[in-house]
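Chemist: Quick one: structure below, then a few questions.
Read-outs: derived from the displayed coordinates by stated rules, not from any lab. In this text, all values refer to a predicted model and were calculated from it rather than measured experimentally. Heads up, the Cβs are rebuilt from the backbone with ideal geometry, glycines too, and the neighbour counts pull from every protein chain shown.
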2 protein chains.
Amino acid sequence: MTDLETRMMDLGRRARAAAVALRDAPAAARTRALEVLAQKLTAAQAQILAANAQDVDAARANGMTEALIDRLALTPARVAGMAQAVATIAAVADPLGVETERWTPANGLDIARVRTPIGVLGVIYESRPNVTADAAALCIRSGNAAILRCGSDCLHSSLAIAGLIAQALDEAGLPADAVQLVDTPDRAAVGLMLTGLDGAIDVIIPRGGKSLVARVQAEARVAVLSHLEGLNHTYLHEAADLAVARAVVVNAKMRRVSVCGATETLLVDRAAAERLLPPVAADLIAAGCELRGDAEAVALVPAMIPATEADWTTEYLAPILAVRIVDDLDGAADHIARYGSGHTEAIITTDSDAAERFAARVDSAIVLINASTQFADGGEFGFGGEIGISTARLHARGPVGAEQLTTYKYVVRGQGQIRP
Amino acid sequence: MTDLETRMMDLGRRARAAAVALRDAPAAARTRALEVLAQKLTAAQAQILAANAQDVDAARANGMTEALIDRLALTPARVAGMAQAVATIAAVADPLGVETERWTPANGLDIARVRTPIGVLGVIYESRPNVTADAAALCIRSGNAAILRCGSDCLHSSLAIAGLIAQALDEAGLPADAVQLVDTPDRAAVGLMLTGLDGAIDVIIPRGGKSLVARVQAEARVAVLSHLEGLNHTYLHEAADLAVARAVVVNAKMRRVSVCGATETLLVDRAAAERLLPPVAADLIAAGCELRGDAEAVALVPAMIPATEADWTTEYLAPILAVRIVDDLDGAADHIARYGSGHTEAIITTDSDAAERFAARVDSAIVLINASTQFADGGEFGFGGEIGISTARLHARGPVGAEQLTTYKYVVRGQGQIRP
């Protein structure tokens, strides 16, 4: 074994041992660890910013683009936001030990389904230091041990934060090994995590861009919880209220264009296109959005650029919106089934039958009626935070919060029953 | 593409199209298909037995062992059992469309979590013709399309059954492609299924022995729902009732030794070993069970063979039981954590505090209190049937019935909300 292999295997063994202690610890201890961590993140602001300055200086010296540096750089407000996010997760109901179902079948056994942690999560992310605190907090809340691997560009910042996490766990009487940060920039560590470290990692969670997620999905030899992309649609039904359509579409596209819940394609019923599309398009253009429409849409809004087939399959993550006129609700649903990524779709309509038909037919993780696709977010769902939005079909779909990071077991109480 | 590749890709496309139709069909149509299938299995008994005779004759000519032929061979009673199993699944509550949760977070959105099918399941099994009917029934109940790949030795039997499934689907107004059987014995078809057929298969379910499951887990490029083994323990706590201990241990080991819910290791508290072990061992020996004990156990029951380390890690699936004396409940839980497979464990005790402590500490899929481990079964849990028992930690643990073959989506109802 190489030195790195030896160190990573040791990390795995320590995580596994810590996972057992964490699982058996009371909810109050996990809450306490989160509360202490939130306090420490606030108190240690200067130390975190100093570590982050080292990362930013090195990144700038290495020629990192300003857009990526913005992702990497912390400010007093961002550190405060990090502490607030941890405090919010501390206040979320503890998911563990909850009985989600209980019943007695014909054999007389009393069967309960009880939430329990998954075990050890391997979280692989890019150079966003706040993920170190976020991911750790969700793992602690859900009783899972974590092995965190940050982008090498934010290693100093993450080490500073990880030091506070270890202290908070220790002060709450929990093993500091419950959250471990891989402390080397060596990229081979990622490959080792993807092997599962000899059974020490139960699931890998990639949190980052497409190339990271694709690599993890291709190489992982353990289960992966990931989302690929959010190619989301907002559909203006013929019975849409114009004011709602205007407010929601601009928000769904332009509130933040870089989030996975942003709308990428607008579908408009032909019967109402003349009424709805020109004013909605004017709002979007005024907000700085480029529109790419099919021929019918361009005919209604000449400022649009003609769309090509590629526009229906592109997650822009930019102030660009594809626009297509559809025959009706079935046409919208067919377009979504063909081009969507199964993430989030919305219908705008005053016709509740049509709304329910859309919700039944469209099989994405989140289907919204008269609301912005930007609500696709664990915080907005009341989960206190999220580690991502899953577009997979197994285990968890949609926002993945602490509850989605649990599994269950059956506790079956009998009085000496034997099976015939 | 080879001819087989072309055919398999076509199978995948047809399954995907059928999955959409099946998902959108009413529960009554799926129930009807199952009821018709149960009737047809009964009515076509002679035809099924004739096809099975072809398989059995060929297998015998190829030198198949009698044990395997017994697994392959159908009888009038077994065909009736198959029909009964399908009728039972027809009577299970439909899992689709059920709202499992509904709440309103601070933003005022009305969020519902609704069960929906996974999509297309690939089921790979061995030469047990009844699995063709069982797996098809669970897929139809859960609204999933299925691609079934049976062991080549039962292809004639499975084709006869698959023909009836197609007729039943058609008579219920559902697409016959919702359940397709791979109609070639070519083993390369399995490899193609494990690639996911270009996204057409959402999850692979291996149902069979260790080597099949291991191959699928190693090679699959899509998600896998599987169980590895049931290395199950029954623990006699010092406060165990002797009569319950005697009845439950013999049942847990000997009712059927070849099922994954059979107990493989008996743990006995030292403080009560003299009271409990000799009579329990006598019952087991009288029932034809070989006992392999540690030194303390052998001292109490000289008829035992001395156990080696390998006995703690062996899933015998045979009338053999490993026996170990433990210090106390923690000792039992530690043994289970170290050697168990996370499948099913039982405690026998009259001390309810101890029972609850065991249930909390032991993190297996199923933990039983005063009941036989042989209850680890979807039918006994009231699921109407099962496609297997999962020891994985994601998606489903324990018995996998129709409900466990579903996923969920969020339907979010708003009144024009935009995200601040």
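Chemist: Considering only chain B, what is the antiparallel percent among its DSSP beta bridges, to the nearest 5?
Modeler: Bridges in chain B that DSSP calls antiparallel: roughly 25 percent.
Chemist: In nm, what does the list of distances from B:Arg221 to its counterparts in the other copies look like, shortest first, when each label sits 7 Å along Cα to Cβ?
Modeler: In nanometres, ordered from closest: 1.9.
Chemist: Right, next: Is the protein assembly as shown rounded, prolate or oblate when judged by the Cα gyration tensor, a ≥ b ≥ c being the square roots of its eigenvalues, rounded requiring a/c under 1.5 and prolate requiring a/b larger than b/c?
Modeler: oblate
Chemist: Check the straight Cα-Cα distances from A:Lys40 and name the lysines below 28 Å, setting aside those fewer than 8 residues away within the same chain.
Modeler: Cross-link targets: none qualify.
Chemist: What value, in deg cm²/dmol to 500, does the helix sum -39500 (n - 2.57) over DSSP H runs of n ≥ 4 give at 222 nm once divided by the residues of the protein assembly as shown?
Modeler: Roughly -13500 deg cm²/dmol at 222 nm, from the helical runs in the protein assembly as shown.
Chemist: Please state, as a whole number in µm²/s, the translational diffusion coefficient that the Stokes-Einstein equation yields for chain B at 4 °C and 1.567 mPa s, with Rh defined as the Kirkwood radius across alpha carbon pairs.
Modeler: 56
Chemist: When the Karplus curve 6.51 cos²θ - 1.76 cosθ + 1.60 is applied with θ = phi - 60°, which whole-Hz ³J(HN,Hα) does each residue of segment B:277-288 get, with x for Gly and Pro?
Modeler: Listing the rounded values in order: 5, x, x, 5, 5, 4, 4, 5, 5, 5, 7, x Hz.
Chemist: So if I take the alpha carbon set of segment A:39-140, get Rg, then get Rh from the Kirkwood formula, what is the Rg over Rh ratio?
Modeler: Ratio of gyration radius to Kirkwood radius: 1.22.
Chemist: Another one. Taking amide H positions as placed in the peptide plane 1.01 Å from N, state which residues far from A:Ala146 in sequence (5 or more) or on other chains have amide H under 5 Å from it.
Modeler: Here A:Leu121, A:Val179, A:Gln180 satisfy the definition.
Chemist: Quick one: with label points 7 Å out along Cα→Cβ, list the inter-copy distances for B:Gln84 in nm, shortest first?
Modeler: Distances between equivalent label points, in nm: 6.4.
Chemist: In the protein assembly as shown, what percentage of the DSSP-assigned beta bridges are antiparallel, given to the nearest 5?
Modeler: The antiparallel fraction comes to roughly 25 percent.
Chemist: Please compute the modelled spin-label separation between B:Met9 and B:Ala243, points set 7 Å along Cα→Cβ, answer in nm with one decimal.
Modeler: 6.8
Chemist: Right, another one. Sort A:Thr75, B:Thr407, A:Thr373 so the one with the fewest other Cβ atoms within 10 Å of its own Cβ comes first.
Modeler: Sorted ascending by nearby Cβ count, the order is A:Thr75, B:Thr407, A:Thr373.
Chemist: Which percent, nearest 5, of DSSP beta bridges in segment A:63-174 are antiparallel?
Modeler: Approximately 45 percent, going by the DSSP bridge assignments.
Chemist: With 10 angstrom as the radius, rank B:Met64, B:Met304 by how many other C-beta atoms surround their C-beta, starting from the fewest.
Modeler: Neighbour counts put them in this order, fewest first: B:Met64, B:Met304.
Chemist: Then there's this: To confirm my reading of the symmetry, which residue of chain B has the Cβ nearest the axis that brings B onto A, and what whole-Å distance does it have?
Modeler: B:His395, 2
Chemist: Please tell me the relative contact order of segment B:232-375 in percent, rounded to the nearest whole number, where contacts are Cα pairs under 8 Å and at least six residues apart.
Modeler: The normalised contact order for segment B:232-375 reaches 34 percent.
Chemist: Report the extension gain between B:Gln39 and B:Ser258 in nm, rounded to one decimal, defined as 0.36 nm multiplied by the number of residues separating them, less their alpha carbon distance.
Modeler: Length gained, B:Gln39 through B:Ser258: 75.8 nm.
Chemist: Spelling out what I want: for every residue of segment A:240-252, take phi, set θ = phi - 60°, compute 6.51 cos²θ - 1.76 cosθ + 1.60 (Karplus), and round to whole Hz; glycine and proline get x.
Modeler: For segment A:240-252, the Karplus curve yields 5, 6, 5, 5, 5, 4, 4, 5, 6, 5, 4, 5, 4 Hz.
Chemist: Which shape class, rounded, prolate or oblate, goes with segment A:232-375 when its Cα gyration tensor gives a ≥ b ≥ c as root eigenvalues, a/c under 1.5 marks rounded, and past that a/b bigger than b/c marks prolate?
Modeler: Since a/c stays below 1.5, the shape of segment A:232-375 is classed as rounded.
Chemist: Report the convex hull volume per residue for segment A:2-50, counting only C-alpha atoms, in Å³.
Modeler: Dividing the Cα hull volume of segment A:2-50 by its residues yields 76 Å³.
Chemist: 5 Å is the cut-off here: which amide hydrogens, built 1.01 Å from N in the peptide plane, fall below it relative to B:Val326, excluding neighbours closer than 5 in sequence?
Modeler: B:Val268, B:Asp269, B:Arg270
Chemist: Let me ask you something else. Relative contact order, percent, of chain B when contacts are C-alpha pairs under 8 Å separated by at least 6 residues?
Modeler: The value is 18 percent.
Chemist: Using a label point 7 Å beyond Cα on the Cα-Cβ vector, give me the inter-copy distances for A:Trp103 in nanometres, one decimal, shortest first.
Modeler: 2.3
Chemist: What shape does segment A:120-201 have by the C-alpha gyration tensor, where a ≥ b ≥ c are the square roots of the eigenvalues, rounded means a/c under 1.5, and otherwise prolate means a/b greater than b/c and oblate the rest?
Modeler: Oblate is the answer for segment A:120-201, as a/c is 1.5 or above yet b/c matches or exceeds a/b.
Chemist: Here's another thing I want to ask about it. Rounded to whole Hz and in sequence order, give me ³J(HN,Hα) for segment A:41-48 from the Karplus expression 6.51 cos²θ - 1.76 cosθ + 1.60, θ = phi - 60°, writing x for Gly and Pro.
Modeler: Working through the residues one at a time gives 4, 5, 5, 9, 3, 4, 5, 5 Hz.
Chemist: Further question: For A:Asp110, B:Asp327, B:Asp202, which order do you get if you count the other beta carbons within 10 Å of each Cβ and list the fewest first?
Modeler: So the ranking, lowest neighbour count to highest, is B:Asp327, A:Asp110, B:Asp202.
Chemist: Show the residues, 5+ positions off or on another chain, whose built amide H is closer than 5 Å to the amide H of A:Thr263.
Modeler: The list, which skips near neighbours in sequence, is A:Lys253.
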